[in-house]
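Okay, so here's the structure we're looking at.
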Amino acid sequence: MQTLLQNLRFSLRMLWKSPGLTLTVLLTLALGIGANTAIFTVDYATLLAPLPYPQPNQLVMVWSKIQTFHNGVSAGDFTDWKQQSTSFQDLDAWTGAAFNIATKDQPEFIQGTRATSGFYRMMGNSFYLGRGFLPEEGQPGKEHVVILTHKLWLKLGSNPNIIGTPLRMDGEPYTVVGVLAPGATDRGQGQLTVPLVFKPEQINHDFHWLLVMGRLKPGITIKQAQAAMDAVTTHIATAYPKSNKGWGSFVEPLKNDFLPSERKLTLWLLLGAVGFVLLIACVNVANLLLAKSMTRQKEVAIRSALGATPKAIFAQLMTESLLLATVGGLLGIGVGVAMLRGLIAVMPENTLPTEADLRLNIPILLFTLAATTLAGLLFGCVPAWYASRVDPGETLKEGGRTGTGIGRQQVRRALVVGEFALALALLAGAGLAIHSFVNLTRVDLGVRTDHILTFGLPVPESRAKETQPIVAYYRQILASIQSVPGVSHVTAMTGMPLYGAGFGMPFTIAGQPAFNDPSQRPGAGFGMVTPDFFQTFGIRLIKGRFFTDQDDTASVKVAVVNEEFTKRYLKGKDPLQQRVVVEQLIPGVTKLGPPIEWQIIGVYHTVRSQGLREDNPEIYIPFWQIPWPSAGIAVRTAEDPTAMTRSIAAAVHSVDPQIALAQPETMDQVRSRVLANDRFTLILFASFATIALLLASIGIYGVMAFSVAQRSHEIALRMALGSSRNRMVGHVVKEGLILACVGLSIGLLGAYFIGRGMRTMLFGIGAMDVSAFSTVGLVLLLTAVLACYLPARRAAAANPMDALRGE
């Protein structure tokens, strides 16, 4: 212990004597460790941390499964599962909902949830005020109660006596029975919950619209639960072959829920990227300490001559390295917190699950401690080992200059080569992300996004579901909006370009052989639109015609399909001679009606939906033939659509003062939101790649500056004998470029593997993208040239006679 304290005191004195070097090392380490801390916090909270619920290992999601696809669950399946399954303590369902809440000025749109009465009890959520739902509140006629999130409670005025008071939602009174404790529920989109109560017509096996979660009984494994559910679904398929043949179930841990595999891969790749940054930082620090050790050889030689063993010298120098790493790690925690706040600020909504708690905790601090210790060992071992091997006799005889031998120079050059290899791999990943993002921004969307305002109309479920009242209501809404000065086109629709047609429906082509197994039928996006839909979004007609106001309930059922539909399902046929058969969607009824034949009358240019990465087949039918109670609205304006939001809202409220405009935004904003996750990934990769480029530049600059300083006598002598300054500069730059080129050559292999790892995230490029790799390679080479040129030019500009006299 005494030796350790002596080593620490001596280390502090030595570090204090070189404040510039110490500060550079600490900042470099803080940057590398801070980046790792920030990204690991995100990865841990999202992928590794236990869920913030009691006994989270018992919580599972239960899906309906057809072939390899996981789907929502029908109300009939859920009720049968709940009665017949034996593996669960409880099984609960929920679905999204939207409500118009009455406020003093105008109605406000609030997203919420409908959940079965045992949901919060199963999840173990705690309450700030009040209670959860009672079992009887899950029965028809008793469901007009509501639970608020803490966030919504604050928004509504923080009334501590709110329990038992009425809240007017969708024109009807609901009694507030509970306010959830602050936490994960505040981070979700749904800000209130009402009981999910099934109407008799909703309990069928056709319409899959529910999410289902269960809590396993103690001692039951997921494998056992899956086997039991397989038996249940087989029994149901036997009882209801028309709706359930080919359908099964899939049980999975809740931890894996709601996070796409591509996003998980992105998080792991980002952790690998910051790991590269830390490695580059360690290489830089190792180079700095190796250079510093060359200037301390006389001190080390004297200590050796006075009896210090190589082991003691190694221990002393490693103590200095670990002390630097410890202080750098403490600074890195601060840098990591700052980076984490920046990440949260620029992170798109719904990037991470609501359960992800992005705060430092014990596992994250232990990770930081491990990263700090590893960094200290990585950058400290080589300099300490070389310093401990100094020959005291030779060093003292030569005045301390023998340590600048070939071995150390080779190690320092090898470190620079490794640094450039790591930097190229990381820059290549950033280059691939940039190229992929550029490709996405150039995708033909199939629509014009300028001068369009979109919003939803969350019509209450209590409104009329009959065809004629719905048609009359929307005709009034559209006519009122159309009368606003500056509006050129307006449409009602069940979906929206870039997000899909609204429904996914199986279909058959009339006249083709029927499928013995209904679950084998192909599917397509399916939506209802008013005639102005295509003009509003600027969608091009390829063949046939679009809808007119005459395509109503009294006319022949017609449809238009996109080009992708004809490519997949009507190849070699005239689409205008074909009919598609789709089960009827009945307003207000969660059950499919009888099959309807829709005559194809037009083909339109494919519009990107469900993101920008692929084309999807779609079928649109006239809204006036199958009107839907709750629709979205799109308005094409002559002026800035944002500036017209108030006047358009006033036009809506003149027809229906109880309805709020849900999420009004322009199509340009919609497009930006669709690109948000790709943009976020791009920013992160580019940021870490920039840090890597900076550290690599500093690394080669440090090596070349020290090398030039050590060779000042040689350079002066050559110039005194007639060598030109340009030639000397070129000689030094050439030496640095050789190191950079070797590093880049090795880095290409790492870049290839990074490209392969990123391939599911990329769009329009492969794992070996020549343009991206060439660009980042050129950037690194130019950086290396500059880093070598500056010290060489400074050395060549010195007076050779002054340098020789100094020697």
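The values are calculated or read from the model by the stated rules, or taken from the named source; none is laboratory data. All values reported here derive from a predicted model rather than from experimental measurement. Cβ sites come from the backbone with ideal geometry, for glycine too, and all protein chains shown count toward neighbours. Keep in mind that these areas ignore ligands, DNA and RNA; they rest on the heavy atoms of the full protein, side chains included. Shrake-Rupley method; radii C 1.70, N 1.55, O 1.52, S 1.80 Å.
Details
- Taking residues in segment 737-757 that are over 30 Å from Ala792 (Cα atoms), and partners anywhere that are modelled with pLDDT under 85 and outside any helix (DSSP H, G or I), the pairs with Cβ atoms closer than 7 Å and at least 6 places apart or on different chains are Tyr752/Ala767; Tyr752/Met768; Gly755/Ala767; Gly755/Met768; Gly755/Asp769; Arg756/Ala767.
- Residues being in a helix (DSSP H, G or I) and over 40 Å from the mean Cα position of the chain (by Cα) - total across segment 458-470: 3
- Here Thr548 fulfils each of the conditions (1) among the β-branched types (Val, Ile, Thr); (2) under 30 Å from Ser436 (Cα atoms); (3) in a loop (DSSP other than H, G, I, E, B); (4) open to solvent by 50 Å² or more (accessible area, probe 1.4 Å) apart from (2).
- Flag for Trp153 being touching a Phe, Trp or Tyr at 6+ places or on another chain (Cβ under 9 Å), under 18 Å from Gly214 (Cα atoms) and not β-branched (Val, Ile, Thr): no
- The number of residues in segment 680-714 being open to solvent by less than 20 Å² (accessible area, probe 1.4 Å), at pLDDT below 80 and farther than 16 Å from Gly743 by Cα comes to 2.
- Residue in segment 182-189 that is in a loop (DSSP other than H, G, I, E, B) and closer than 19 Å to Ile101 by Cβ present: yes
This table checks each residue for (1) open to solvent by less than 20 Å² (accessible area, probe 1.4 Å); (2) of a type in the set (S, T, N, Q); (3) modelled with pLDDT of 95 or more.
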{"position": "Leu453", "(1), (2), (3)": "yes, no, yes"}
{"position": "Leu457", "(1), (2), (3)": "yes, no, no"}
{"position": "Pro460", "(1), (2), (3)": "yes, no, no"}
{"position": "Gln468", "(1), (2), (3)": "no, yes, no"}
{"position": "Ala479", "(1), (2), (3)": "no, no, yes"}
{"position": "Gly495", "(1), (2), (3)": "yes, no, no"}
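- If the condition is being open to solvent by 30 Å² or more (accessible area, probe 1.4 Å), out of contact with any strand residue (DSSP E or B) (no Cβ under 7 Å at 6 or more places or on another chain) and not acidic (Asp, Glu), then segment 184-210 contributes Thr185, Arg187, Phe198, Lys199, Pro200, Ile203.
- Residue list for segment 104-125, restricted to those being crowded, with 19+ Cβ neighbours inside 10 Å and either assigned to a strand (DSSP E or B) or within 27 Å of the chain's Cα centre (by Cα) (or both): Ile110, Gly112, Thr113, Arg114, Ala115, Met123, Asn125
- Residues satisfying the stated conditions in segment 226-262, i.e. among the small types (Gly, Ala, Ser) and not in a helix (DSSP H, G or I): Gly246, Gly248, Ser249
- Screening the candidates Gly178, Gly157, Gly171, Gly141 for the property of being in contact (Cβ under 8 Å) with a residue 60 or more places away in the chain and not acidic (Asp, Glu) yields one hit, Gly171.
- All positions within segment 126-140 that are more than 22 Å from Trp209 (Cα to Cα), open to solvent by 40 Å² or more (accessible area, probe 1.4 Å) and assigned to a loop (DSSP other than H, G, I, E, B): Ser126, Arg131, Leu134
- Per-region count, segment 505-532, residues more than 25 Å from Val655 (Cα to Cα), of a type in the set (Gly, Ala, Ser) and buried (at least 17 other Cβ atoms within 10 Å of the Cβ): 2
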